[in-house]
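Down below is the structure, laid out as structure tokens.
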Amino acid sequence: MQKSPAAPGQSAFQRISAIALDMWRQEGYRAFYKGITPRVLRVAPGQAIVFAVYERVSKVIEQLQGSGDVGYSE
């Protein structure tokens with residue numbers, strides 16, 4: 001794929017739109033998903049860890065709040 005020159009006075013949105021349209025014409029919708037598999041394989045384990053830690057911490061906080069409410073009234 002060749003790089004098309006930027007037109008003078010063209011906004012960033014217009015430039016991005018032109019590039020996206022050019023990608024669509026030359027390679028189809030699959031061009032927008034190139035590289036998604038390696039990205040998901042890299043990001044997914046980290047997000048799974050974050051989710052697991054969040055769940056564990058929220059359960060611990062709930063247990064602490066449950067045990068601290070005895071004898072107090074609001």
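Each value in this text was obtained by applying a stated rule to the coordinates, not by laboratory testing. Worth saying up front: this structure is predicted, and the values here are computed from it rather than measured. All Cβ positions, even for glycine, are placed from backbone atoms using ideal geometry, and neighbour counts span all protein chains on display.
Tell me, what ³J(HN,Hα) does each residue in the range 49-59 have, in order and in whole Hz, if you take phi through Karplus 6.51 cos²θ - 1.76 cosθ + 1.60 with θ = phi - 60° and put x for Gly and Pro?
Result, rounded to whole Hz: 5, 4, 5, 5, 5, 4, 4, 5, 5, 5, 5.
Quick one: 3J(HN,Hα) in Hz for the range 22-34, Karplus 6.51/-1.76/1.60 with θ = phi - 60°, rounded, Gly and Pro as x.
5, 4, 4, 5, 7, 10, x, 5, 5, 4, 7, 10, 4
What is the sum of charges, Lys and Arg at +1 and Asp and Glu at -1, for the other residues whose Cβ falls under 15 Å from the Cβ of residue 32?
+2
Note the full-extension length gain between residue 47 and residue 29 as 0.36 nm times their separation in residues minus their Cα-Cα distance, in nm to one decimal.
Taking 0.36 nm per residue and subtracting the Cα distance, the gain is 3.8 nm.
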